[in-house]
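Below you'll find the structure, written out as structure tokens, and then a few comments.
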Amino acid sequence: MTVTWATYEAGYFDRSEAYVAGAAVLDHEIAPRAGWSAVVRAGHVLTLVDVGGNQSGDCLIYDAVDHEERYSAQATIAAQRNAYLVEGSVLLSDEGRALMTVVGNEVERQDTIGGACSKESNTLRYGHHTMFHHACRENFLLEGARHGLGPRDLVSNINWFMNVPVEADGTLGIVDGMSAPGKRVALRAERDVLVIISNCPQVNNPCNDFNPTPLRAIVTDPEGRA
Amino acid sequence: MSNDLGAGRRASTATPAQARDDARGRAGTAVEAMPYLPPSSSPHVPDGVDPGDLVWAETVAGPGYAHATLARGSRIRLEDVTGDACAHVVLVSALQRSERLNVADTQKIPWQAYLGAGHPLLSGDGRVLATVVADAADGRHDAFCGVTTLASNHARYGAGEAHSATPAGRELLRLAAAKEGLAPRDIPPSVSFFKGVRVGADGALEWTGGAGAGAAVELVAEVPLTVLIANAAHPLDPDDRYRTGPLRVHAWAAAASSPADPWWTATPERARAYLNTQQHLLARGIR
């Protein structure tokens, strides 16, 4: 039997509020294990709330008009000369141009080296018995397809609220998170962007504390009247 | 040998016959960066390799790019001739173009961020595209930073176009991809050989540079494989003059990895990656 548990409601949940005040453009709760996408207009701020704590939100970003220009973990890391995302990190495209900026971050550091889980990589990491566990790559493919994107458009992603330390000898791994219920990250769009989120369904590593919980996505327009 | 970047006018080319004679008179010039045809004629055959087994022999200009589609079992040797090369490599399965190098999985599956001998270069489909089978470059490689961009090279060197003296790695990869029928969206994050980066406890990147002249790595293609290479300055290279040098590429018919190779069973994750690859090929009748 394939175990597919998730927690949709719990007393410890904290749905928090938008990090940057402004007119509400969008407010959506991403169900545990589900995919979600939206276009965030230039200047608007996307707040992602870790409702249940330590729930990885796998994230890809594309120019809203030219999908060929997309988030590049490598360009971002090279430009800031640091492997971790923090407040002030500018999320660059593969052409080296700004897509979004991290304008608020309530977790010590955010990951962009751990990649997304997939059914296929699950077979490598945990064994072939995990082949039928749902995975982020599935969410990316289905959510991407709504925008004409396919496997050729999947690249190294961001994992909001996930913790991947790199040790001195190069050993790296997904370890217990540093987030908590209600913690937020806020991203300002530097141009119109398409954001795709997979609320990670992984149940074989601590990227979500082995318990998928909701993520809240709020978009505000700081220049609009709240 | 010279770097022949165009010798210019040498004789009258007023008539087709004169132009033909002039054009033909230019051949046979030996320069540093050029392909060797047939590959067995390479003046730099790697030690222990039968020249008759070579399928690709080329010295890639620095900066410059190269590309090839190779059979499963091809062994690919990259050599940093002067110590100033940086080989940015993208791998795409020739069986299905949507299956390509996945740098995150290449670091995550082996629980190891740094490339070295025995490291599998994984696709996003749970399979091994190629294996780093030998590393004579002291691990001076990088999977974090990728290539420079037009924007970053404009900011740093004043130009980054392919036609400029300081081309961005991404511009060169776009060209290599196009020659193999691939579009920009087919260029995923890449790995860089011969220029190293290490990550500090606080995440800060430390440049460790190259291993000097003659550094080399060897890869084995585990599936029919399209290889894209941009030889261009590394994004973190501290030399503001745009460090670059010739990159030597040789490939020859050899054997894909087998369970007898130590890296096949080095970790349980890798063993399953090779098993997935083996089944993928088995089903297609590829031995």
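Annotations for the structure displayed:
- Label point distance in nm, B:ASP138-B:ARG97, each placed 7 Å from Cα along Cα→Cβ: 4.1
- Taking every protein chain into account, the accessible area of chain B amounts to 38 square angstrom per residue (probe 1.4 Å).
- Within the stretch B:187-279, the trypsin sites (Lys or Arg not before Pro) that combine a DSSP coil assignment with at most 13 other C-beta atoms in a 10 angstrom radius are B:ARG241.
- Among B:ILE187, B:ILE229, B:ILE76, residue whose mean-square fluctuation peaks in a GNM of chain B (springs only between Cα atoms under 10 Å): B:ILE187
- A:GLU108-A:VAL65 FRET efficiency (beta carbon distance; Förster radius 30 Å; 0.05 resolution): 0.30
- Among A:ARG146, A:ARG216, A:ARG188, the largest mean-square fluctuation in a Gaussian network model of chain A, built with springs joining Cα atoms closer than 10 Å, belongs to A:ARG146.
- Measuring only protein heavy atoms, the 1.4 Å probe finds A:VAL20 accessible over about 40 Å².
- Figure note: A:THR220, B:THR265 ranked by solvent-accessible area, largest first, 1.4 Å probe, ligands and nucleic acids not counted: B:THR265, A:THR220.
- Positive minus negative residues near A:ARG33 (Lys, Arg vs Asp, Glu; Cβ under 12 Å): -2
- Using θ = phi - 60° in the Karplus curve 6.51 cos²θ - 1.76 cosθ + 1.60, the 3J(HN,Hα) couplings for the stretch B:252-264 round to 9, 5, 9, 10, 5, 5, 9, x, 6, 7, x, 6, 4 Hz; x is entered for Gly and Pro.
- For chain A, the dipole from Cβ point charges (+1 on Lys and Arg, -1 on Asp and Glu) about the Cα centre works out to 200 debye, to the nearest 20.
- About the Cα centre, charge dipole magnitude for the protein assembly as shown (Lys/Arg +1, Asp/Glu -1 at Cβ), debye: 1040
- Each residue was assigned an accessible area with a 1.4 Å probe, and for B:TRP111 the value is about 100 Å².
- Site pair B:LEU37 and B:ASP261 shows an inter-label distance of 3.0 nm when each label is modelled 7 Å from Cα along Cα→Cβ.
- Three-way shape label, the protein assembly as shown, alpha-carbon gyration tensor, a/c 1.5: prolate
- Estimated D of the stretch B:118-240 in µm² per second, where Rh is the Kirkwood radius over Cα pairs and Stokes-Einstein applies at 37 °C, 0.692 mPa s: 210
- Springs between Cα atoms under 10 Å define the GNM used for chain A, and in it the highest mean-square fluctuation of A:GLY52, A:GLY104, A:GLY88 occurs at A:GLY88.
- Taking all protein chains together, B:TYR114, A:TYR19, A:TYR12 sort by accessible area into A:TYR12, A:TYR19, B:TYR114, largest first [probe 1.4 Å].
- Projected label points at A:ARG81 and B:ARG284, each 7 Å from Cα along the beta carbon direction, are separated by 4.3 nanometres.
- Solvent-accessible surface of protein heavy atoms, probed at 1.4 angstrom with all chains present, puts A:LYS119, B:LYS108, B:LYS179 in the order B:LYS179, A:LYS119, B:LYS108, largest first.
- Taking 17 Å as the straight-line reach from the Cα of B:LYS108, the lysines in range (excluding those fewer than 8 positions away in the same chain) are A:LYS119.
- Using a 1.4 angstrom probe on protein heavy atoms only, the contact between B and A buries about 3800 square angstrom of accessible area, both sides summed.
- For the stretch B:250-284, residues shielded by at least 10 square angstrom of accessible area compared with the chain on its own, probe 1.4 Å: B:GLU269, B:ARG272, B:ASN276
- For B:GLY139, the shell of other residues with beta-carbons less than 11 Å away shows a net charge of -2, using +1 for Lys and Arg and -1 for Asp and Glu.
- Here the accessible area is traced with a 1.4 Å probe on the protein chains. For the stretch B:53-283, carbon and sulfur cover 51 percent of it.
- Once the Cα atoms are used to define both axes, helix B:169-179 deviates from the longest principal axis of chain B by about 90 degrees.
- The stretch A:24-41 and the stretch A:177-226 have Cα centres separated by 9 Å.
- Summing charges over all other residues whose Cβ lies under 10 Å from the Cβ of B:GLY124, with Lys and Arg as +1 and Asp and Glu as -1, gives -1.
- Once all protein chains are placed together, A:PHE13 keeps about 30 Å² accessible to a 1.4 angstrom probe.
- When the charge dipole of chain B is built from unit charges on Cβ atoms (+1 for Lys and Arg, -1 for Asp and Glu) and taken about the Cα centre, the candidate among B:ALA159, B:ALA136, B:ILE109 whose Cα reaches farthest toward its positive end is B:ALA159.
The values are calculated or read from the model by the stated rules, or taken from the named source; none is laboratory data. If you're wondering where the values come from, they're calculated on a predicted model, not measured in any experiment. A quick note on method: Cβ atoms are made from the backbone with ideal geometry, for glycine too, and the neighbour counts reach across all protein chains shown. These accessible areas exclude ligands, DNA and RNA; they are computed on the full protein's heavy atoms, side chains included. Shrake-Rupley method; radii C 1.70, N 1.55, O 1.52, S 1.80 Å.
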